[in-house]
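What follows is one structure encoded as structure tokens, with my remarks underneath.
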4 protein chains.
Amino acid sequence: MSFTGGRHFLQIPGPTNVPDQVLRAMSAPVIDHRGPRFAQFTLELLEAVKPVFGTSGPVILYPSSGTGAWEAALVNTLSPGDRVLCFETGHFATLWQAMARDLGLEVDFVPGDWRHGVDPAEVSARLTPDTKAVLVVHNETSTGVTSDIAAVRQAMGDHPALLLVDTVSSLGSVDYRHDEWGVDVTVSCSQKGLMLPPGLGLTAVSEKALASVSGFPKSYWSWQPILEANKRGGFPYTPPTNLFYGLREALRMLESEGLPNVYARHARHAAATRVAVQGWGLELLCADSRLYSNTLTAVLMPDGHDADKLRALILDRFDMSLGAGLGKVAGKVFRIGHLGHFNDLSLAGTLSGVQMGLRLAGVPIDPAGVTAALDHLAAA
Amino acid sequence: MSFTGGRHFLQIPGPTNVPDQVLRAMSAPVIDHRGPRFAQFTLELLEAVKPVFGTSGPVILYPSSGTGAWEAALVNTLSPGDRVLCFETGHFATLWQAMARDLGLEVDFVPGDWRHGVDPAEVSARLTPDTKAVLVVHNETSTGVTSDIAAVRQAMGDHPALLLVDTVSSLGSVDYRHDEWGVDVTVSCSQKGLMLPPGLGLTAVSEKALASVSGFPKSYWSWQPILEANKRGGFPYTPPTNLFYGLREALRMLESEGLPNVYARHARHAAATRVAVQGWGLELLCADSRLYSNTLTAVLMPDGHDADKLRALILDRFDMSLGAGLGKVAGKVFRIGHLGHFNDLSLAGTLSGVQMGLRLAGVPIDPAGVTAALDHLAAA
Amino acid sequence: MSFTGGRHFLQIPGPTNVPDQVLRAMSAPVIDHRGPRFAQFTLELLEAVKPVFGTSGPVILYPSSGTGAWEAALVNTLSPGDRVLCFETGHFATLWQAMARDLGLEVDFVPGDWRHGVDPAEVSARLTPDTKAVLVVHNETSTGVTSDIAAVRQAMGDHPALLLVDTVSSLGSVDYRHDEWGVDVTVSCSQKGLMLPPGLGLTAVSEKALASVSGFPKSYWSWQPILEANKRGGFPYTPPTNLFYGLREALRMLESEGLPNVYARHARHAAATRVAVQGWGLELLCADSRLYSNTLTAVLMPDGHDADKLRALILDRFDMSLGAGLGKVAGKVFRIGHLGHFNDLSLAGTLSGVQMGLRLAGVPIDPAGVTAALDHLAAA
Amino acid sequence: MSFTGGRHFLQIPGPTNVPDQVLRAMSAPVIDHRGPRFAQFTLELLEAVKPVFGTSGPVILYPSSGTGAWEAALVNTLSPGDRVLCFETGHFATLWQAMARDLGLEVDFVPGDWRHGVDPAEVSARLTPDTKAVLVVHNETSTGVTSDIAAVRQAMGDHPALLLVDTVSSLGSVDYRHDEWGVDVTVSCSQKGLMLPPGLGLTAVSEKALASVSGFPKSYWSWQPILEANKRGGFPYTPPTNLFYGLREALRMLESEGLPNVYARHARHAAATRVAVQGWGLELLCADSRLYSNTLTAVLMPDGHDADKLRALILDRFDMSLGAGLGKVAGKVFRIGHLGHFNDLSLAGTLSGVQMGLRLAGVPIDPAGVTAALDHLAAA
């Protein structure tokens, strides 16, 4: 990669660009995690993190990636051999069901084309009397397609299965309502809308989830000892102090902008991105206009053009990282992340880089994309 | 706590004081963990971390606390119902066996008085034909007592059990030889001798450990997919980028000082601390002079004096955090951490704070402790 | 100003965006400025700074703004009542001559229209036998017009006057040759092409300048004691340690990119910016195409449109700071800074913000500007 | 210097150890110094800085060292040839009078032995009808001797001369009252009690000082244009933005501790240091017990022992920088800085390092010094 001056554009759909003030907050000295100052700080943090989940219940913080929070959601609520219902909405939904399988769960995996969200009608149809949990990815990071969580929940009706939702790439960027929608476990992580480096897993849990009897051998992921220790601002094992500092600062930034404004900002940038893609004459991977992701956009390459070559060219020429096509769509799509600490001019720079890259890669496009997006941004 | 100017003295036996240059390294921007730069960085890091373990084999890095690395050691090598041999050398040895029990292992727990290390003779005596693993804590963070790992290994003779060792508060501060001593899994974490914030678990694994067949349902902790991805500088899930940056810098600092010098420095500070304790006329918790810890010293309070009141007074008056007595010795001991990013004058400040605190708390001591320690440091 | 997420775009022509690694370098602990480590560091720094000036002679560093370096240049080479020749190329040239006047110098101030550089023919014509110095601004920060320093020097012929040059907004971004062109004092500062916060003034001095006899009462600015102390890596008064750390890092970045590449990058961005301006159908302030600045572009507003209203709108809507019209051209021009730590996508974001702002402000433009600039960048 | 782990002890009497939070504050992005946010910030800062000076009048901030503020004080209030009265209280008083001389002032320099403060009786005695200003160093950084500014002022009676005071190493650490004591110009800088890196000069000015007619040619140092621009939160030239950020944070820390507490802390540490020196059986340079400095202590070496060798040994063995003897007392004294961001345990570490160094250097001392100081600190 030839250095070109200036800041790298990290426009993968996470990890996202960490704001300077978050990095500075994370540089504060480590303090005694068993001392009085840390306890007070923790109690405050555990409250402050609730609004992004739309919950008044507990949120559990792990030193882990989001994958760890996935595992925590499963092993705290289920037992080996339990039946769970999953939907193939993309790469991460596929990985989550693979984890469920690895852990010894019985998985009903409803196939999908990676261009649509979960069909609520399928949810009702596929539930069986012994289904113990439904696993849904809110915002598929690999496809830029969302699923309508409230509709999924409604489709479950009175069925006693738990609803477990992955919000890895939506939390903090898109309106989400754990309590109102009736979600049982919401899984997320630090490095996307929460604008932190990776290393923190989060789960919000309903009372029903907490009451579930799990048969998995477990220790690290166990909710109960954590919740017990959290009451006094403590943890059963050493928490990631400096990511906590960063989380507190990131939440303050979101509060200060106002969550509705944050969500509107993401919606606006997503819409402008789609305007650019349509302006270029390219196709979105997401085939359902009601379910466009507000945090990333996956773009299909025209036949005969390789997405990874495009990404490599853009990285080399413009020092911008874009997301690769994963799994089934490897080489066929590239993904533009437009979430987290991001604004109109960063988006303009991002879309400009994509447009220049497409032209240099010889992809036949209409160069009106960026102009159309700017017009959209100026008008909105 | 009344603010008294100056920097806090964080003299718990971990988390330790993170060096400025490590915090600065951790402030570098997050980069694409699937991109070429990160892959190259990772490959280099995975080599650079081996010397502190004394291994030429793989070291596996987790976004987790040290507790997570404990769990990883168990679930990758054992199966529910397996028999393991543990020794009650202190609080953390007790917690590790409790985790083993929670995970469904059969635990032989050899009682101890928290003032001695593992007795190699007991190891031979307690091994049964179906013992699958021996779990030993190298340096008991709760007591300041070490165990002689080479001797434990020798006492196991030809027995096929695995040897799993916790080096949470010794790694990077004390000479340790995973390969030479024949350890199968060495467990550690970031926030002690490696001078990082918490959030990173590490395990070094022998070929024998890698070959063991485990019956635990597992996904996050599974070594195989991590090792597979590591070959190309990748990870099966998002790694804690910024802690990696910090680890690279911390390893560079250790390399630059020279590991033998680092170990000698810790030995020297531990000896000076014991000189101070003896100068005060107080008793060490560690009752075996061959097994003194080089990273922390636990001091017994005279009868009628409460260690936690002393710690609170020292925190309030001198802005220094000391380690509490844990479990069985709660209130009866306090622990002085003298590890990590630490030098003679920091130690002198630390011991001075303890001496002043003891006097203010009305503990009958001889104030010759600090002077004796200084004489020791100047002579050494 | 409404917060819009993401990083502020600081596109004034200095201070410029300070790179993260420079800010981190500046966070290193202050060390003893009379100790051996600092002396060694200083000696190395004083060499490392020479290439950006194109000199093998001494460069003098002041804790000061660039204005301080202006004053240093005058009071070290001249005496009250001396005659100097200045050219009204813009606001900063006007300020420098005002300073000369304030200090009691006799100033011949050749009027100008702020749209052209110094005319070498005027230099020859205006020199008088008692002219002691010619003061020229290399790159007028207020206008985006340069002057041809080599031509000015040539026009001076054998006249004994000194040539003093302000490179405040060109140094480190544009090829500059103190020695080769025969400049006597080159004045600069930290917060433009050197990518540092403000606080450091720099002067490169020729042997002739050093030999000049000055009649000004002076102490702080005196070159001799500084040069004397510099020999051993010292300073006659406390130097700005942390800006020095940052300067060392910034110079390393420039070295690593390669100065010719740095200069080419700035030329390319300037050309793309002019393409955008022409695309919009707007007029450049600079009326001489041989003298376009590579670090900033000043754009004339169409009649009836106020530049400051535009800038306020852009700051409010797009969180971007642009440079104001100064002095004579206040309200009539806005200035786009495209220097320092800057790359293609930052420029694309910058130009996009200007284009959107112009449209929102009701300025009649052709929205083809950004697209034209992108085409230029992709082609170049 | 052999690296010994841990943080360097920077115990010169300035620059002092910069607190982490100040360094972090200084890492914030540079913003437009002509924009609305900066103006608001500046107006607030210019108020916030007044209490440490004990003034309700203006404080002027320069991108400069303290030496620059010295020059500003002289050139704004005096004219070449004016007579000023100076006192040889130490190295910096000598340097200030030398600057006065260099600038063409007529200096009456009252000799001194570097062990006493200014004698108020001498002030009255030496004032002549044409004395235009009296220059006094409040706290001699080279000797650890203060002068009683209120008494000096009183001794001046109705004489119209201005009183100019250097508070470089006292401001922010010692009670100081510009208004109440009737000082005309108070000169200071950033890198001592204000806990910042070097690079900022400060002057507080009385109305009388502002009204004085100065005959020096000047521009950079001129108060009037600065005060004029300050009214709207601006500056006549680019201010050192990031030092301003740091100053705001440092002032917040002082406010939060409470200035009287800050002063009491410094007094306490100075007293404990003298207890240690007396415990060692060594002699203080300051021969007047009413005028001990609260920010540094200069210690006389016994005959036959070289202070610089001691300092080199301490730097090498204990990674601590102490202040050298300057000028007349070079090699004969070493100076311990105990100011700024500093607490009891840092002081204990500092004194321990001195004690160990003295013994290793073969200086005959009583090792009871540190113990005595600790007893003093615990009692106080």
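For residue C:98 paired with residue A:101, estimate the spin-label separation in nm (one decimal), with each label point 7 Å from Cα along the Cα-to-Cβ line.
7.5
Accessible area lost on pairing B with A, both sides, 1.4 Å probe, Å² to nearest 100? Intermediate values should be presented prior to the final figure.
Details: alone 15020 and 15030 Å², together 26430 Å².
Counting protein atoms only, the buried area is about 3600 Å².
Using a Förster radius of 60 Å, what is the FRET efficiency between residue D:150 and residue A:305 based on their Cβ-Cβ separation? Nearest 0.05, please. Working shown, then result.
Details: r = 82 Å, r/R0 = 1.36.
Efficiency, from the Cβ-Cβ distance: 0.15.
Run through the DSSP bridge list for the protein assembly as shown and note the antiparallel percent, rounded to the nearest 5. Write down the numbers at each step before the final one.
Details: 88 of 170 bridges.
If we restrict to bridges inside the protein assembly as shown, about 50 percent are antiparallel.
Taking the rotation axis that maps chain B onto chain C, which residue of B brings its Cβ closest to that axis, and at what distance in whole Å?
B:24, 2
Can you give the local net charge around residue D:209? Use residues other than it whose beta-carbon is closer than 15 angstrom to its beta-carbon, Lys and Arg +1, Asp and Glu -1. Don't skip to the end; give the middle numbers.
Working: positive: D:132, D:153, D:208, D:218; negative: D:71, D:82, D:166, D:179, D:184, D:207.
Net of charged neighbours comes to -2.
Please list the non-local residues whose amide H lies under 5 Å from the amide H of residue C:162, H modeled 1.01 Å from N, same-chain partners needing a gap of 5 or more.
Amide H neighbours of residue C:162, under 5 Å, 5+ apart: C:133, C:134.
Using only alpha carbon positions, build the gyration tensor of the stretch C:146-305, then give the equivalent ellipsoid semi-axes as the square roots of 5 times its eigenvalues, largest first, whole angstrom. Before the final figure, lay out each step's value.
Values: eigenvalues 216, 92, 46 Å².
In descending order, the three semi-axes are 33, 21, 15 Å.
Once the convex hull of the alpha carbons of the stretch A:329-380 is built, what does its volume come to per residue, in cubic angstrom?
Working: hull volume 5.0 nm³, N = 52.
Residue-normalised Cα hull volume stands at 96 Å³.
Per-residue HN-Hα couplings for the stretch D:51-61, Karplus 6.51 cos²θ - 1.76 cosθ + 1.60 at θ = phi - 60°, whole Hz, x for Gly and Pro?
Taking θ as phi minus 60°, the curve returns x, 5, 8, x, 9, 10, x, x, 10, 9, 10 Hz for the stretch D:51-61.
Using 20 Å bins from zero, what percent of all Cα-Cα pairs in the protein assembly as shown falls into each bin?
Percent of Cα pairs in each bin: 9, 33, 35, 19, 3, 0.
Give me the percent of accessible area attributable to carbon and sulfur for the stretch B:263-357, probe 1.4 angstrom.
On the way: 1330 of 2640 Å².
Solvent-exposed carbon and sulfur of the stretch B:263-357 make up 50 percent of the total.
Which of the three applies to the stretch A:60-192, rounded, prolate or oblate, going by the alpha-carbon gyration tensor with a ≥ b ≥ c and a/c under 1.5 meaning rounded? Please list the in-between numbers first.
Details: a/c = 1.30, a/b = 1.11, b/c = 1.17.
Verdict is rounded for the stretch A:60-192.
What is the helix-to-structure angle for D:344-360, meaning the angle in degrees between its Cα long axis and the longest Cα principal axis of chain D, kept from 0 to 90 and rounded to the nearest 10?
Long axis of D:344-360 versus the principal axis of chain D: about 60 degrees.
Return the average number of partner chain Cβ atoms within 10 angstrom of each residue Cβ along peptide B:11-19.
Working: counts 2, 6, 0, 3, 8, 1, 4, 6, 3.
So the per-residue partner count for this stretch is 4.
If each label sits 7 angstrom from Cα along the C-beta direction, how far apart, in nm, is residue B:228 from its counterparts in the other copies?
3.7, 7.3, 7.5
Per residue of B:350-360, count partner chain C-beta atoms within 10 Å of its C-beta, then hand back the mean as an integer. Kindly include the intermediate steps, with their values, before the conclusion.
Values: counts 3, 5, 14, 8, 1, 6, 9, 1, 1, 4, 2.
Taking the mean over all residues of the peptide, I get 5.
Where the label is 7 Å out from Cα toward Cβ, how close does residue B:125 come to the same position in every other copy, in nm, shortest first?
6.9, 8.8, 10.9
Considering only D:35, D:174, D:96, whose Cα is most displaced toward the positive end of the charge dipole of the stretch D:20-256, charges sitting on Cβ of Lys, Arg (+1) and Asp, Glu (-1)?
D:35
Enter the Cα centre distance for the pair the stretch B:311-345 and the stretch B:111-159, rounded to the nearest angstrom.
27
Taking a 23 Å limit on the Cα-Cα distance, which of the listed pairs C:218/D:132; D:50/D:231; C:50/C:231; C:132/C:231; A:208/A:231 fall beyond it? Spell out each step's value before the answer.
Details: C:218/D:132 19 Å; D:50/D:231 15 Å; C:50/C:231 15 Å; C:132/C:231 29 Å; A:208/A:231 19 Å.
Cα-Cα > 23 Å for C:132/C:231; rest within.
Describe numerically, in nm with one decimal, the distance between label points set 7 Å from Cα along Cα→Cβ at residue C:290 and at residue B:180.
With each label point 7 Å from Cα toward Cβ, the separation is 7.4 nm.
What angle do you read, to the nearest 10 degrees and between 0 and 90, between the alpha-carbon axis of helix B:36-48 and the longest principal axis of chain B?
For B:36-48 against chain B, the angle is about 60 degrees.
Mind running the shape call on the stretch A:1-95? Use the C-alpha gyration tensor, a ≥ b ≥ c as the square roots of the eigenvalues: rounded below 1.5 for a/c, prolate if a/b tops b/c, oblate otherwise. Could you put the intermediate results ahead of the total?
Numbers: a/c = 2.38, a/b = 1.12, b/c = 2.13.
In terms of gyration-tensor shape, oblate.
Classify chain C: rounded, prolate or oblate, from the alpha-carbon gyration tensor (a ≥ b ≥ c, eigenvalue square roots; a/c under 1.5 rounded; otherwise prolate if a/b is larger than b/c)? Write out the running numbers ahead of the final one.
Working: a/c = 1.99, a/b = 1.30, b/c = 1.52.
Verdict is oblate for chain C.
Before I look further, what does the protein assembly as shown give for accessible area per residue, probe 1.4 Å, in whole square angstrom?
Numbers: 46130 Å² over 1520 residues.
I get 30 Å² per residue for the protein assembly as shown.
Can you tell me the FRET efficiency between residue B:121 and residue D:256 if r is taken as the Cβ-Cβ distance and R0 is 60 Å, rounded to the nearest 0.05? Mind dumping the intermediate values first?
Numbers: r = 58 Å, r/R0 = 0.97.
After rounding, the FRET efficiency stands at 0.55.
Taking a point 7 Å out from Cα toward Cβ as the label site, list the nm distances between residue B:303 and the same residue in every other copy, smallest first.
Copy-to-copy label distances for residue B:303: 5.8, 9.2, 10.3 nm.
Give me the distance between the Cα centres of the stretch C:1-44 and the stretch B:186-219, rounded to whole Å.
A separation of 38 Å, based on Cα centres.
Using 17 Å as the cut-off for backbone N distance, which residues of the stretch C:158-172 belong to the label zone defined by a point 7 Å from the Cα of residue C:130 along Cα→Cβ?
It comes to C:160-162, nothing else.
To test your reading of the geometry: what angle, between 0 and 90 degrees and rounded to tens, separates the Cα axis of helix A:66-75 from the longest principal axis of chain A?
40
Take every Cα pair under 8 Å in chain A that's 6+ residues apart, average their separations, divide by the length, and report that relative contact order as a whole percent. Walk me through the numbers before you get to the answer.
Values: 793 pairs, mean separation 91.8, N = 380.
Dividing the mean separation by the residue count of chain A yields 24 percent.
The values are calculated or read from the model by the stated rules, or taken from the named source; none is laboratory data. All values reported here derive from a predicted model rather than from experimental measurement. In this analysis, Cβ positions are derived from the backbone assuming ideal geometry, glycine residues included, and neighbour counts consider all displayed protein chains. Just the protein is used for accessible areas: all its heavy atoms, side chains included, with ligands, DNA and RNA removed. Shrake-Rupley method; radii C 1.70, N 1.55, O 1.52, S 1.80 Å.
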